[in-house]
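Written out below as structure tokens is the structure these notes cover.
Just so you know, all these numbers are worked out from the coordinates, no wet-lab data involved. As the structure is a prediction and not an experimental result, all values here were calculated from the model. Every residue, glycine among them, receives a Cβ derived from its backbone with ideal geometry; neighbour counts consider all protein chains shown.
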Amino acid sequence: MKRSFTNFALLLALAACACAEGSPDWKQALPGWRYEFPRDHHAHPDFKTEWWYFTGNLEAEDGRRFGFQLTFFRQGVRRGAADSRFAVDDIKLAHFAVTDIGARRFHHAQKVSRGAFGEAGFAGGDRIAWIGDWELVSTGEGKFRLAARDKDFALSLDLAAGKPPVFHGENGVSQKSAGEGRASHYYSFTRLEASGTLELEGKPIAVRGLAWFDQEWATNQLTEEQTGWDWLSMQFDDGCELMLFQIRLKEGGRDPFSHGTWIAADGKSVPIKHADFELQPGRTWRSDETGGEYPVEWSVRIPKLALEVAVEAALDGQELVLRPISYWEGSVGARGRRGDAALTGRGYLEMTGYAGGLVGLQAPGQR
């Protein structure tokens, strides 16, 4: 484990050195982007940062429940084709986690690679991203295959979209703070039917469930005033979905660029602006490893949708300790009402900045 932490820190240092030697003129996320598929499922190397984020909740035939996360990251260090295998254009990272809800166990792993010899990368064909034997493959329109394996857990899933992609924000951008380009291009498949095999300690388990896929690319960092974010995705049993995020400010409160999207059962989306919602923390859990204190219960209120739900972590200890970065990402459940109708669902919650700074994502001078 110590070796992987050391390698990760070294790669970040190499990336910083490469940028310092000659800052590339990276493209910014600006209004007017026209999404095209399958083109936009693939890498956007003119932008500095990109990720392909899969989360979901699965169930075995005997009723056992599990959560999962598999994320591929691309961090650019230079633009243009590298002139040698040792002068790579980007660093490849991936995070993999499985929550065994019944057993109260959380498994997580990380891979980092320069990809100089093809062992990791991003392609324009069916294979979208890979790092070793962890991979994301397109298998058709709105269909994907995921695979990842660590020493004591593994996952292989086929995913098929039940709804078309949703584009967050306005005019092709999801604005994160004031200023031109402080934004991302951001879309999601909010209801993917998932089926496949989960393996725990060498024992295969057939699973089915729902997954969520986010892809985002940008050339921006958190500003000096922003300290982290809380991001929530929910898939409700009535066929609707919700994405919300709030960016926390160092002096307290949240940034006015916090926003979200409501997706109706028929696939139509409704933008949720800063003034439209309340996302209030409740009970907290303190990490013995990092000292981070994370809210693991939240209340969500969106008056214009007549929606009020309580969100609770399926397991308190779902922190990925991946030094120098640690964050909480895990399965959650929700219960509440929309108008006069009861509402239940499952989803995923991500919380960053509670256990130290976000290396590579924060503005200079932030701690």
List every residue whose amide H lies under 5 Å from the amide H of Asp90, counting only residues 5 or more places away in sequence or on a different chain, with H placed 1.01 Å from N in the peptide plane.
Val77
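Calculate for the chain the 222 nm mean residue ellipticity that helices alone would give, adding -39,500 (n - 2.57) per DSSP H run of length 4 or more and normalising by residue count, nearest 500 deg cm²/dmol.
On the way: 1 runs with 20 residues, N = 367.
Computed mean residue ellipticity for the chain: -2000 deg cm²/dmol.
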Provide the per-residue ³J(HN,Hα) series for region 157-166, in order, calculated from phi with Karplus coefficients 6.51, -1.76, 1.60 and θ = phi - 60°, each as a whole number of Hz, with x at glycine and proline positions.
9, 9, 10, 9, 5, x, 9, x, x, 10
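Counting other C-beta atoms within 10 Å, which of Asp214, Asp238, Asp100 has the fewest, and how do the rest follow?
On the way: Asp214 22, Asp238 12, Asp100 19.
The most exposed by this proxy come first: Asp238, Asp100, Asp214.
Given +1 on the Cβ of Lys and Arg, -1 on the Cβ of Asp and Glu, and no further charges, what dipole in debye does the chain carry about its Cα centre, rounded to the nearest 20? Could the numbers behind the result be given before it?
Working: 43 positive and 50 negative charges, 69 e Å.
Roughly 340 debye for the chain.
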Arg254-Thr344 pseudo-label distance in nm [points 7 Å out on the Cα-to-Cβ vector]
2.6 nm
One-quarter of the Cα convex hull surface for region 1-220, in nm²?
13.2 nm²
Mind checking which lysines have their Cα closer than 19 Å to the Cα of Lys268? Skip sequence neighbours fewer than 8 apart in that chain.
Lys163, Lys304
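Going by how many other beta carbons lie within 10 Å of each one, how would you line up Leu320, Leu249, fewest first?
Values: Leu320 20, Leu249 16.
Ranking Leu320, Leu249 by Cβ neighbours within 10 Å, fewest first, gives Leu249, Leu320.
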Go through region 89-126 and name the trypsin sites (Lys or Arg not before Pro) that are in a DSSP coil and have 14 or fewer other Cβ atoms within 10 Å of their Cβ.
Arg104
With the chain reduced to its Cα atoms and the Debye formula applied, log10 I(q)/I(0) at q = 0.09, 0.11, 0.12 1/Å amounts to -0.47, -0.73, -0.90
Using the Karplus curve 6.51 cos²θ - 1.76 cosθ + 1.60 with θ = phi - 60°, work out ³J(HN,Hα) for each residue of region 50-55 in order, rounded to whole Hz, and write x for Gly and Pro.
7, 8, 10, 10, 10, 9
Order of Ser138, Ser233, Ser174 under a 10 Å beta carbon neighbour criterion, fewest first:
Ser138, Ser174, Ser233
Cα→Cβ-extended label distance, 7 Å offset, between Ser156 and Ala87, nm:
4.1 nm
State the answer as a single residue: which of Gly125, Thr139, Val88 lies farthest towards the positive end of the charge dipole of region 27-185, with beta carbon charges of +1 for Lys and Arg and -1 for Asp and Glu, about the Cα centre.
Val88
With the convex hull built on the alpha-carbon atoms of region 107-242, volume per residue in Å³ sits at 165 Å³
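Can you list which of the trypsin sites (Lys or Arg not before Pro) found in region 120-223 are DSSP loop residues with at most 15 other C-beta atoms within 10 Å?
Numbers: sites: Arg127, Lys143, Arg145, Arg149, Lys151, Lys176, Arg182, Arg191, Arg208; in loops: Lys151, Lys176, Arg182.
When the trypsin sites (Lys or Arg not before Pro) of region 120-223 are filtered for loop state and at most 15 Cβ neighbours within 10 Å, Lys151 remain.
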Where q = 0.16 Å⁻¹, what log10 of I(q)/I(0) comes from the Debye formula for region 223-367, counting one point per Cα?
-0.86
Under Karplus coefficients 6.51, -1.76 and 1.60, residue-wise ³J(HN,Hα) of region 272-283 in Hz, glycine/proline x:
10, 8, 3, 6, 8, 9, 10, 10, 10, x, x, 4
